[in-house]
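Each remark here refers to the structure printed beneath this line.
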Amino acid sequence: MTHLFFILTVTLYGCAAALYLACLLRTLPLLTLWAGRILAFGCTAHLLSTIHLAVNMKYLPLTNMQESLSFFSLAIVTAFIVFERKYKVTTLGSFIVPVALMMLIASSSLHVEARQLPPILQSNWFWFHALMAFISYACFTIAAGVAVMYLIQRYFLKTKHLGALFQKLPSLETMDEISYRCLTVGWPLLTVAIISGSIWSEKAMGNYWIWDRKQTWSLIIWLIYAALLHGRITIGWRGKRAAILSIIGFIVVLFTFLGMKHSIIW
Amino acid sequence: MNIIVVGLSYKTATVEIREKVAFSPNQIEKPLNELIRLEGIIEGVIVSTCNRVEIYATTRDIAGGIARIKRFMAEYHHLPFESLESHLYSYHAESAIRHVFRVASSLDSMIVGEPQILGQIKTSYGYAAEFKSSGIILNRFLHKAFSVAKRVRTETKIASSAVSVAFAAVELAKKILGDLSDKNVMLIGAGEMCELAAKHFLNSGAKGVLVANRTFERAERLAEDFGGEAVRFESFLEHLHRADIILSSTGAPHCIIGPRDAEEAVKRRRFKPIFFIDIAVPRDIDPMVADVENAYLYTVDDLQEIVQANLALRSLEAEKAEEIIDQEIGQFHKWLSTLEVTPTIVALRNRFDEIRRAELDKTIAGWKDFPPDAEKRLEALTLAMMNKLLHAPTSVLKQSGQGGRVDLYVDALRQLFELEALQRNDEELELEE
């Protein structure tokens, strides 16, 4: 059953990604409409599959790389749908949906042995921590996608190459605004995630901060986005500098997420 | 039933001729009434803009209808028919449908893709609907033309790009600054193009205008015109950071804004971007400004280039639009040709039934020893005969919609059996729709 939902989700995301990419080439209102609809269906199937898994296993599927990648992908798609509704930026989908699709495919290629849930993870603090972390990561993913688009659009404007893609991409101001909004949502959530994570750490291991690699890198991420947000609010950092910094931030997020295993659970 | 188009446009007639045959919208009721009273003309719509004067009508008699409308255009405006005729074009059937779809989609416009024409046709149709000169066919036809135009506009980029320098500047500004409603424009120097661009920015929602000019009085006057604020030329650099869009066209022999000034201004506005537009020759703004982060510099040549590219794009998009129109013509033509089938069948049946009843009554009235069940039997007999006779033609007519011979059959039946012509406001037809 979970498997069926999963296949359905991958198929729908695949179709949506193809349609969003087609949106870059052709201007058809129907294309945009269906890209959005199919993605929404895909997201629903993904959510149902996640819920189904959670009910079956009696815990949130966030405990290994396979589950986490799938959940990351779900969070990204959900965040994208929210931002697309708000800012009407279809082109963002052409950059974001393929990323979510790849994560989901990567997740399915990982084979994980069925195992007993380690007692250390059986804590509400852990679930809360993981949930917050993924939502903030999803926001940073959107910010990075927008940043890439910003740099492309800036390049077009500076070099005066005003082609079809230039017409499709949103205005610099809109992208700047989305990026800022992502930070103002993502960074506080990351803060909450880190705090709840250390509370969990204390409950599970008797220590708030154990300086393992995951924690250290999470702190680095937090500092990068804190610097970005601070620069934005006090000096007015925006544009190219902010875009590059949020792409760097995202690379570190990915690196931490994929490369840094929690010394205690994985 | 046929749709015909008679008219002239900038392609066939000079403005002197066009203005002579123009119909004033204030007095459109009179010509509309005269139009539909012409022999053989059933419905009519008059479209009169500065670039074209066209009459759309429906008729059974194509050649006669076109001739009468041509004559009507000359006579209504008291012009010699011979001098006008050479400027008039006419279309019928499919080519008429194509013509109107193309006009509404702005493919036939002087500047392909300009959006006004659709509104003008809508207004013209509005008058025709108000004064009841258009009926079921033209109603449907023009609504179809509007939806085709909408399809063309949304599915092609025909109208999406600016084809004037001022509009190109506005479009670019929107790509950099997003919504213009909280953005300020600064005008440095004066000049027709500069003022025109400023007007375009204000029309597109820009919030305010700052004007700097060597003659402060002139700056004040312009500022008053735009509802903006005048700034002393000597200190305009102090105000640079207040503007999101800077339009410069002074007669200065050297650059008046350097990269340092731009950098300073951007910094003072906390790195919010500034869009510099240099309209002056020689240039007012140092080309190095383009390298300043969050400053975007375009010269009048750059804008000119965009306009040229957009014009090329439009003609490319026009081909896509023609394809869309091709598809839609097929659909509409089919509807038009099947439109008259049902009323014709009904009229034919009524005709036969009329004759049958008349003959039946005559027979019974002159019959002396009338057997009790004879009337019933005769009734059944004649009814069966009529149904059998009508069965084949009816089914052929119903099926002919796909084959395209339906016009021919409908016409033949109506003439052979002297059926009544389709009325403008045929209620039966409204129901069928």
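The values are calculated or read from the model by the stated rules, or taken from the named source; none is laboratory data. In this text the structure is predicted, and so the values were computed from the model without any measurement. Using ideal geometry, Cβ is built from the backbone for each residue, glycine included, and neighbour counts are taken over all protein chains shown. Heads up: the accessible areas ignore ligands, DNA and RNA and are worked out on the full protein's heavy atoms, side chains in. Shrake-Rupley method; radii C 1.70, N 1.55, O 1.52, S 1.80 Å.
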Kindly give the semi-axes, whole Å and largest first, of the ellipsoid equivalent to chain B, taking each as the square root of 5 times a Cα gyration tensor eigenvalue. 67, 22, 17
Would you rank B:Met1, B:Met288 by solvent-accessible area, highest first, keeping every protein chain in place and using a 1.4 Å probe? B:Met288, B:Met1
Viscosity 1.567 mPa s, temperature 4 °C, Stokes-Einstein D of the range B:267-338 from Kirkwood C-alpha radius, µm²/s: 80 µm²/s
Rounded to the nearest 500, what is the 222 nm mean residue ellipticity of the protein assembly as shown from helices alone, with -39500 (n - 2.57) per DSSP H run of 4+ residues and division by all residues? -22000 deg cm²/dmol
Over 27 Å (Cα to Cα) - which of A:Lys86/B:Lys157; A:Lys86/B:Lys320; B:Lys334/B:Lys388; A:Lys158/B:Lys157; B:Lys207/B:Lys267 fall in this group: A:Lys86/B:Lys320; B:Lys334/B:Lys388
Placing unit charges on C-beta atoms (Lys and Arg positive, Asp and Glu negative, everything else neutral), compute the dipole magnitude of the range A:1-115 about its Cα centre in debye, rounded to 20. 300 debye
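Of all the Cα-Cα pairs you can form in the range B:178-301, what percent are over 25 Å apart?
Numbers: 1015 of 7626 pairs.
Every Cα pair in the range B:178-301 considered, those over 25 Å come to 13 percent.
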Order B:His92, B:His241, B:His333, most accessible first, counting only protein heavy atoms with a 1.4 angstrom probe. B:His92, B:His333, B:His241
In percent, what relative contact order does chain A have, based on Cα pairs under 8 Å that are 6 or more apart in sequence? 19 percent
Using only the alpha-carbon atoms, how far is helix A:65-87 inclined from the longest principal axis of chain A? Give it as 0 to 90 degrees, nearest 10. 40 degrees
Compute accessible area for the range B:288-309 by itself and then with all protein chains, 1.4 Å probe, and report residues whose area falls by 40 Å² or more. B:Glu293, B:Tyr296, B:Tyr298
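Might you tell me the accessible area per residue for the protein assembly as shown, computed with a 1.4 Å probe and given in Å²?
Ligands and nucleic acids excluded, the figure is 48 Å² per residue.
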How large, in percent, is the carbon and sulfur part of the accessible surface of the range A:136-266 at a probe radius of 1.4 Å? 67 percent
Can you tell me the FRET efficiency between A:Leu48 and B:Arg71 if r is taken as the Cβ-Cβ distance and R0 is 51 Å, rounded to the nearest 0.05? 0.10
For B:Glu379, B:Glu418, give me the order by solvent-accessible area with a 1.4 Å probe, most accessible first, ignoring ligands, DNA and RNA. B:Glu418, B:Glu379
Using Cα-only point scatterers and the Debye equation, what is log10 of I(q)/I(0) for the range A:198-251 at each q in 0.13, 0.15, 0.21, 0.23 Å⁻¹, rounded to two decimals? -0.44, -0.54, -0.75, -0.82
Could you list the chymotrypsin sites (Phe, Trp or Tyr not before Pro) in the range B:285-383 that lie in coil according to DSSP, counting only those with at most 14 other Cβ atoms within 10 Å of their Cβ? B:Trp367
Over the residues of chain A, compute the C-alpha Rg and express it relative to 2.2 N^0.38 Å. 1.04
Under the Kirkwood approximation for Rh and a Cα-based Rg, what ratio Rg/Rh is obtained for the range B:263-411? 1.64
Over chain B, what relative contact order in percent results from Cα pairs under 8 Å that are six or more residues apart? 13 percent
Calculated log₁₀ intensity ratio I(q)/I(0) where the Debye formula runs over C-alpha points of the range A:118-266, q = 0.14, 0.20 Å⁻¹: -0.69, -1.14
Percent of accessible area on the range B:257-381 owned by carbon and sulfur, 1.4 Å probe? 54 percent
For chain A, give the magnitude of the charge dipole about the Cα centre (Cβ charges: +1 Lys/Arg, -1 Asp/Glu; no others), in debye to the nearest 20. 660 debye
If the label point is 7 Å along Cα→Cβ of B:Gln308, which residues in the range A:146-178 have backbone nitrogen under 17 Å from it? A:160-163
Charge tally in the Cβ shell below 15 Å around A:Ala35, where Lys, Arg are +1 and Asp, Glu are -1, A:Ala35 excluded: +4
All lysines inside 23 Å of B:Lys368 as judged from Cα atoms, apart from same-chain residues fewer than 8 positions distant: B:Lys376
In the range B:79-197, if every C-alpha pair distance is counted and binned at 10 Å from zero, what percent goes to each bin? 11, 28, 28, 19, 12, 3
Pairwise burial B:A, computed as accessible area of each alone minus the pair, summed, 1.4 Å, Å²: 2200 Å²
For the protein assembly as shown, state what percent of all Cα-Cα pairs lands in each successive 10 Å bin, counting from 0 Å until the bin that includes the largest distance. 3, 12, 15, 15, 15, 14, 11, 7, 4, 2, 1, 0, 0
The range B:2-155 - Kirkwood radius from inverse mean 1/r over Cα pairs (Å): 15.2 Å
Charges on Cβ only, +1 for Lys and Arg, -1 for Asp and Glu, centred on the Cα centroid of chain B; of B:Leu210, B:Gly7, B:Phe271, which one is farthest towards the dipole's positive end? B:Gly7
Tail fraction, Cα-Cα pairs, the range B:10-71, threshold 14 Å, whole percent: 57 percent
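Please give me, ordered by residue number, the chymotrypsin sites (Phe, Trp or Tyr not before Pro) of the range B:1-92 that lie in loop per DSSP and have at most 16 other Cβ atoms within 10 Å.
Those satisfying the criteria are B:Tyr10.
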So what's the angle, to the nearest 10 degrees on a 0 to 90 scale, between helix A:213-234 and the longest Cα principal axis of chain A? 40 degrees
Among A:Trp211, A:Phe156, A:Ala242, the residue whose Cα sits farthest towards the positive end of the charge dipole of chain A (+1 at Cβ of Lys and Arg, -1 at Cβ of Asp and Glu, taken about the Cα centre) is A:Phe156
Interface call, the range A:1-47: threshold 10 Å², probe 1.4 Å, accessible heavy-atom surface of protein chains, chain by itself vs complex, result A:Arg26, A:Thr27, A:Leu28, A:Pro29
May I ask for the angle, rounded to the nearest 10°, between helix B:216-226 and the longest principal axis of chain B, with both axes built from Cα atoms and the value confined to 0 to 90°? 30 degrees
Contact order normalised by residue count of the range A:118-266, Cα under 8 Å, 6+ apart, percent: 35 percent
How large is the convex hull of the Cα atoms of the range B:296-338 per residue, expressed in Å³ as a whole number? 75 Å³
Distance between modelled label sites at A:Ile7 and B:Glu322, nm, 7 Å Cα→Cβ extension: 4.8 nm
Sparse-neighbourhood loop sites, trypsin sites (Lys or Arg not before Pro) in the range B:303-385 - DSSP loop, at most 10 other Cβ within 10 angstrom: B:Lys368
Would you mind checking the radius of gyration and Dmax of the range B:329-404 based on alpha-carbon positions, in Å? 18.0, 63
